[in-house]
1. Taking springs between alpha-carbon atoms closer than 10 angstrom, which of Phe100, Phe28, Phe65 fluctuates most in the Gaussian network model of the chain?
2. Please name which of Ala35, His46, His99 has its Cα lying farthest along the dipole of the chain towards the positive end, using unit charges on Cβ (Lys, Arg +1; Asp, Glu -1) and the Cα centre as origin.
3. Viscosity 0.692 mPa s, temperature 37 °C: what is the translational diffusion coefficient of region 57-113 from Stokes-Einstein with a Kirkwood Rh over Cα pairs, rounded to a whole number of µm²/s?
4. Once amide H atoms are built 1.01 Å from N in the peptide plane, which residues 5 or more positions from Leu98, or in another chain, come under 5 Å H to H?
5. Hey, what number do you get for the chain at 222 nm if only DSSP H runs of n ≥ 4 count, each worth -39500 (n - 2.57), divided across all residues, to the nearest 500?
6. How far, in degrees from 0 to 90, does helix 59-74 lean away from the longest principal axis of the Cα atoms of the chain, to the nearest 10?
7. Suppose a student asked you for the relative contact order of the chain, using Cα pairs under 8 Å spaced at least 6 residues apart; what percent would you report?
8. Taking the chain, how many lysine pairs are there with alpha carbons less than 23 Å apart, if each pair must be eight or more places apart or span two chains?
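Where a number appears in this text, it was derived from the coordinates with a stated rule and is not lab data. Note that the coordinates shown come from a computational prediction; the quantities given were computed from them, not determined experimentally. As a convention, Cβ positions derive from the backbone with ideal geometry for all residues, glycine included, and neighbour counts pool all protein chains shown.
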Amino acid sequence: MDDCIFCKIIKGEIPSTKVYEDASVYAFRDIHPMAPVHILVVPKEHIACADDINDDNCVCVARIFAAIAKIAKQEGLTNGYRVINNCGRDGCQSVKHLHFHILGGKQLPENMG
Ligand code: AMP
Ligand code: ZN
């Protein structure tokens, strides 16, 4: 997707603080952190949102979660963490490239909204 900010980050056209990369997953620090550790994990393939995951592309989600476990160890999140996906307007998704937030490094609030 030519106008997708996360596709541009994956291609290196926009700078990011990379924390993890493999053949199908890229992860980088959120520019506006909401917790001491706030990382975005994205598929390299452009998928707009969780609602666009289907039988043909869903393997990327398994790869993302395998990456999340590695990143959590790398970041020292031994007490746990939260993984969030915002989807669509009601989910307040602002960037239309599927991404999972890893939040951690402190005790997070119980309220999920
Ligand atoms: P969401 O609201 O779930 O779509 O989250 C999008 C996230 O992307 C927000 O937490 C933003 O702070 C983050 N973000 C937007 N642009 C960048 C960027 N260039 N580098 C890192 N994070 C970004
Ligand atoms: Zn994209």
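1. Taking springs between Cα atoms under 10 Å, the residue moving most is Phe65.
2. Farthest towards the positive end: Ala35.
3. The estimated diffusion coefficient comes to 256 µm²/s.
4. Result for Leu98 returns Ile47, Ala48, Cys49.
5. One gets -6000 deg cm²/dmol as the mean residue ellipticity at 222 nm.
6. 30
7. It comes to 30 percent, rounded to a whole number.
8. Going through the chain pair by pair, I get 16.
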